[in-house]
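The values are calculated or read from the model by the stated rules, or taken from the named source; none is laboratory data. These numbers were taken from a predicted model, which means no experiment stands behind them. Cβ: placed from backbone, ideal geometry, glycine included. Neighbour counts: every protein chain shown.
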Amino acid sequence: MPETHPHKSAANTKSSTARRFTLRPPGETPKPTIRKNSRAAAVQTMSENYLVVTDHETLHLACDQLRQAEAIGADCETTELDPHDGDLRLLQLSVPNQTFIFDFHKLPPNPDTYRPVKLLLEDTRRKVISHNSKFEQKWLKHKLGIELQTIFDTQLAGTLIDYSVSHNLENTAKKYLNLTLDKSLQTSNWQGELSEEQLQYAARDAQVLIPLREAMIPHLVQNGLVRVAQLEFEAVAVLADIELNGIFIDREMWASHLALVLHQHEIISRELQQILAAGARQTTLFGETDINLNSHPQILSALKQMGVPLESATRENVLLPLKDEYPVVAKLLDYRGVEKNVSGYGQNWLDSIKISTDRVHPDFTQIGAPTGRTSCSNPNVQQVPTTKEYRQCFRAPAGRSLVITDYSQIELRILAQLSQDPGLLHAFRSGADLHRMTASHVFNVPPDQVAKEQRDFAKRLNFGVVYGIGAQRLSNMTGTPLEEAEATLTKYFATYRQLDEHLRAAAQDAVNNRSCRTMSGRLVRYNFDPSDRQAVSSVRRQGRNAPIQGTGADIFKRSLRLVYDALRGTSAQIVNIIHDEIVVECGQDDAQAISEIVSAKMTEAATEYITDVPMLAEPAICKEWVKG
DNA sequence: GTGAAGGGCCAC
DNA sequence: AAACGTGGCCCTTCAC
């Protein structure tokens, strides 16, 4: 946890052992890459004071000295971005008066050599500061078996304080220390003999971290972000682990489904081209050549010429009502479906499988949304279609199982907690079916006589409310007239009056405060022009939604850490996370026990925030990523 | 050639 | 701009 009163480091006074080090004479130090200003001067002086560690004895001495500090700045230089692909070249560890650069190309490869480093960095009494700590954690864990325990991540801290700007080390040092860093050597060659400039650069990136943390702590404290910072810091190790683990994909299964889709794509493309050519060839601007089926302007103009009543959009929901009357529209929808599969879920996924692990290793952005949700890319394993053909390709390797656990209706339960609406509270406490109950009220029928369509309608209504749905959208969504949609919403909020009041207040607070908070204290800011009505209503909707979505993210991140800790030493590893779902892979004989641990820990995390509604995490043991 | 912008659509 | 929130990825178009 970032301390409110950072105390002076014990390492401010040089230990006697330090004298034995041969420090580089100042004359040999290259021109500093840091420009002068008042605060830069201190860091610049320090950056001359570094020592490259290339032997076992010096390593011990370095660790002795570093041990005296309460916080250590840590940074890595590597030959690749992914630990599976390259070498950890340097580890720079910095305390206020000294920086050590461990050169792993020169140090003996014996793992025992690094034991003092492991003891040093895994000691929970000492905070390890880094910028984008996930990177350091992945490399240290994969290459040296070191797991950082107590961290301060200056990038995450910066993001919590202000989501709206990017937080690379350069920006962050400028903002908090008014320090201008030159990052041009970041992508230099860290393979061979390193220049003085490179070593200087490496040392400086670690040295800046301690003053940076001290400059950030008051901002965290003043903004009430200490709890959420701790929450985020504790989740880093989990995301690092998930990225390292990767998730197994059955290549052959994926490829065989892809072959099928490619075949369909070919057929449907030809059919669509034929329909279009017959109906619109004479009048298209594109002469005899085929229309590019992926070009919206070309498709739009062709459809218009064929008499399809369209404005400017050709989205699915616009086309859907037209598909029965116009075969070309139906064919286009078919085409869009296969095209999406080919372009989004085809060869690109096979290409992203890492040869050395047979898995995909995505990148997670820990605070990927201002609400605190994590985002994912390269590839985005949070957007795999839920259809069986795709999900079954994500399966447990031989002898292992998947334990898939997700929260049951977490956002609606959070909404019940936040609003304290008696109807919602009662529904969840009694274990009643909320959607059925809502339908019962909205349609004025006894709960046991609610029809399936009515329940489905109520379900969409309940979820729509979380997003701040309006009558217009509800009308479009459900195909009911606007007046009826308005009446439905009126009825809905008459049923859940306290919910209505809560959401109105949340919307107004977001506008008045230009911000809102989640239950961990996470701050979501809004910058908008109060005279812009559209902007104001947008902020109102965000203000209703962000505390709900964001508290979901808080709970989920807490659960990640609890689950991760509880699974340590077992056969289980987390392989994917999707906002309210954790996918764990484990030995098949352990699956039952693991599933109980995971759901217990997820429930425990939720209960730390949600006290008035039962929180359920439902596990399933599967061979494939398909629940049930 | 490169990159932003817009449309569309996948997930929760 | 479907006045329902949060993302990422793919494709085309268009400006530089």
Report summary line: Those residues of segment A:414-441 which are part of a helix (DSSP H, G or I) and either surrounded by fewer than 16 Cβ atoms within 10 Å (Cβ to Cβ) or in contact with a strand residue (DSSP E or B) (Cβ under 8 Å, 6 or more places away or on another chain) (or both) amount to A:PRO422, A:HIS426, A:ARG429, A:SER430
**Report entry** Subset of segment A:287-331 (residues that are within 14 Å of DNA strand C (Cβ to nearest atom) and of a type in the set (A, V, I, L, M))
**Finding:** A:ILE291, A:LEU293, A:ILE299, A:LEU300, A:ALA302, A:LEU310, A:ALA313, A:VAL318, A:LEU319, A:LEU320, A:LEU322
Query raised in the report: What number of residues in segment A:529-558 are surrounded by 17 or more Cβ atoms within 10 Å (Cβ to Cβ) and either touching a Lys or Arg at 6+ places or on another chain (Cβ under 6 Å) or not in a helix (DSSP H, G or I) (or both)?
Result: 2
Query - Residue list for segment A:52-88, filter: surrounded by fewer than 21 Cβ atoms within 10 Å (Cβ to Cβ) and either hydrophobic (A, V, I, L, M, F, W, C) or within 21 Å of A:THR357 (Cβ to Cβ) (or both) - result: A:VAL52, A:LEU59, A:LEU61, A:THR79, A:GLU80, A:LEU81, A:ASP82, A:HIS84, A:ASP85, A:GLY86, A:ASP87
Report task. Could you tell me which residue of segment A:559-575 is nearest to A:PRO362 (Cα to Cα), considering only residues that are surrounded by fewer than 24 Cβ atoms within 10 Å (Cβ to Cβ) and among the hydroxyl-bearing types (Ser, Thr, Tyr)? Result -> A:TYR564
Query - Failed criterion for A:GLY158 (all others in (1) at pLDDT below 95; (2) outside any loop (DSSP other than H, G, I, E, B); (3) touching a helix residue (DSSP H, G or I) at 6+ places or on another chain (Cβ under 8 Å) hold) - result: (1)
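Which of the residues belonging to segment A:442-456 are more than 27 Å from A:ALA505 (Cβ to Cβ) and either exposed (fewer than 15 other Cβ atoms within 10 Å of the Cβ) or among the hydrophobic types (A, V, I, L, M, F, W, C) (or both)?
Taking segment A:442-456 first, the residues more than 27 Å from A:ALA505 (Cβ to Cβ) are A:443-456.
Result: A:PHE443, A:ASN444, A:VAL445, A:PRO446, A:PRO447, A:ASP448, A:GLN449, A:VAL450, A:ALA451, A:LYS452, A:GLU453, A:ASP456.
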**Report entry** Hits in segment A:341-372 (condition: near DNA strand C (Cβ under 8 Å from one of its atoms) and either aliphatic (A, V, I, L, M) or free of Cβ contacts under 8 Å to residues at least 12 places away in the same chain (or both))
**Finding:** A:VAL342, A:SER343, A:GLY344, A:GLY368, A:ALA369
Requested in this report: State the number of residues belonging to segment A:290-329 that are surrounded by 17 or more Cβ atoms within 10 Å (Cβ to Cβ), in a helix (DSSP H, G or I) and near DNA strand B (Cβ under 9 Å from one of its atoms).
Outcome: 2
Report summary line: Sole miss for A:ARG504 among (1) surrounded by 14 or more Cβ atoms within 10 Å (Cβ to Cβ); (2) out of contact with any Phe, Trp or Tyr (no Cβ under 6 Å at 6 or more places or on another chain) is condition (1)
Requested in this report: Quickly run through segment A:330-340 and pick out the residues that are more than 8 Å from DNA strand B (Cβ to nearest atom) and either in a loop (DSSP other than H, G, I, E, B) or of a type outside the set (Asp, Glu) (or both).
Outcome: A:ALA330, A:LYS331, A:LEU332, A:TYR335, A:VAL338
Report task. For segment A:467-477, enumerate the residues that are surrounded by fewer than 18 Cβ atoms within 10 Å (Cβ to Cβ) and either basic (Lys, Arg) or in contact (Cβ under 8 Å) with a residue 40 or more places away in the chain (or both). Result -> A:TYR467, A:ARG473, A:ASN476
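Are any of the residues in segment A:175-184 outside any loop (DSSP other than H, G, I, E, B) and under 17 Å from the mean Cα position of the chain (by Cα)?
Scanning segment A:175-184 turns up no residue that is outside any loop (DSSP other than H, G, I, E, B) and under 17 Å from the mean Cα position of the chain (by Cα).
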Query raised in the report: For segment A:510-534, what are the residues that are within 16 Å of DNA strand B (Cβ to nearest atom) and modelled with pLDDT under 95?
Result: A:GLN534
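Quick one: in segment A:535-592, of everything that is of a type in the set (D, E, K, R) and in contact with an Asp or Glu (Cβ under 6 Å, 6 or more places away or on another chain), which residue is nearest to DNA strand C (Cβ to nearest atom)? Explain how you work it out, then say what you get.
Of segment A:535-592, the ones of a type in the set (D, E, K, R) are A:540-541, A:544, A:554, A:557-558, A:561, A:565, A:568, A:580-581, A:585, A:589-590.
Filter once more, so that each one left must be in contact with an Asp or Glu (Cβ under 6 Å, 6 or more places away or on another chain): A:561, A:580-581.
Working: A:ARG561: 22, A:ASP580: 10, A:GLU581: 13 Å.
The residue in question is A:ASP580.
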**Report entry** Single residue of A:ALA553, A:ALA505 found to be free of Cβ contacts under 8 Å to residues at least 60 places away in the same chain and of a type in the set (A, V, I, L, M)
**Finding:** A:ALA505
